[in-house]
Amino acid sequence: MAMNLVCAVLDRGPADLAEMAVLLAIADSADKDTGEAWPAQKTLARRSRQTDRSVRNVLARLRARGWLTWEKRLRANGSQASNVYTLDLAKLGETPRNGVPTPRNDVPPPPERGSAHAPEHGSALEPSQKKETARRRAARPAMRPAAAGAHGRNAALGAVPSRVDGGKRQYQGPDGRWYARPDCPEDAKAFEAWLIAGRSGHAAQAAGRS
């Protein structure tokens, strides 16, 4: 899969949806550097959700508008094989530059190591770079402390009797039975509130009897 060509078609391809669908089907199987592909028309029809006749019409429009060209191929016995399609890389913004396809959105490639613009590995940062790095670090949100207990359990659950059964921690409910904490965050919160409320109720009853 030539992801650079697929992305180029999505970003800068034809506005017509039928044409884009066929061009995407070709780009998906094309060589990422040459733009060449040779899918069968039936494959293009299946992948673009169109009929064979519609695909032929769309291919003619794509060639007329400069999105691609194609050449016919013949088998050894003289029968026709699938065409060789060549995407116009320049029209898609993927013109090879120094042997490397142009990155998406015309972002210049990073400088090569050893060039005048490339910092050597382990070299010191310029003062402006140090200030920018410090500014970004200061802008990061503060890390919230993790909740007490394993797996983010509510700290109040420390007062709830618990045990490990079958490798999973269980808590004793207000009814005296043992329950595992749900994995769903919303269900886990309701479960914790139920346990804590039950313990508070038991504590209030014990205080009333004393």
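Residue check: is Ser79 small (Gly, Ala, Ser), outside the structural domain of Thr34 (by TED's automatic domain parsing) and modelled with pLDDT under 85? Before you say what the answer is, go through the steps one by one.
Working: small (Gly, Ala, Ser): yes; outside the structural domain of Thr34 (by TED's automatic domain parsing): no; modelled with pLDDT under 85: yes.
Answer is no for this residue.
Considering region 6-50, and only residues there that are among the small types (Gly, Ala, Ser) and assigned to a helix (DSSP H, G or I), the residue that is nearest to the chain's Cα centre (by Cα) turns out to be Ala8. The residue pairs whose first member lies in region 52-71 and is over 14 Å from Ile26 (Cβ atoms), whose second member is of a type outside the set (Gly, Ala, Ser), and whose beta carbons are closer than 6 Å, counting only pairs six or more residues apart or on different chains, are Asp52/Gln41; Gly66/Asp88; Gly66/Lys91.
It is to be established whether one or more residues within region 47-62 are buried (at least 19 other Cβ atoms within 10 Å of the Cβ) and touching a strand residue (DSSP E or B) at 6+ places or on another chain (Cβ under 7 Å). Working first, answer last.
Applying the first criterion (buried (at least 19 other Cβ atoms within 10 Å of the Cβ)) to region 47-62 yields 48, 55, 58-59, 62.
Adding the requirement that they be touching a strand residue (DSSP E or B) at 6+ places or on another chain (Cβ under 7 Å) leaves 62.
Looking through region 47-62, at least one residue is buried (at least 19 other Cβ atoms within 10 Å of the Cβ) and touching a strand residue (DSSP E or B) at 6+ places or on another chain (Cβ under 7 Å).
Regarding Asp28, is this residue in contact (Cβ under 8 Å) with a residue 40 or more places away in the chain, acidic (Asp, Glu) and surrounded by 15 or more Cβ atoms within 10 Å (Cβ to Cβ)? No, not satisfied.
Arg53 falls short on exactly one of the conditions (1) within 32 Å of the chain's Cα centre (by Cα); (2) more than 20 Å from Val6 (Cβ to Cβ), and that condition is (1). Within region 1-23, residues that are free of Cβ contacts under 8 Å to residues at least 24 places away in the same chain have Cβ atoms under 7 Å from residues that are crowded, with 21+ Cβ neighbours inside 10 Å and of a type in the set (A, V, I, L, M, F, W, C) in these pairs: Val6/Ala27; Met20/Val9, counting only partners at least 6 apart in sequence or on another chain.
The values are calculated or read from the model by the stated rules, or taken from the named source; none is laboratory data. In this text, all values refer to a predicted model and were calculated from it rather than measured experimentally. Neighbour counts are summed over all protein chains in view; Cβ atoms, including those assigned to glycine, are modelled from backbone coordinates with ideal geometry.
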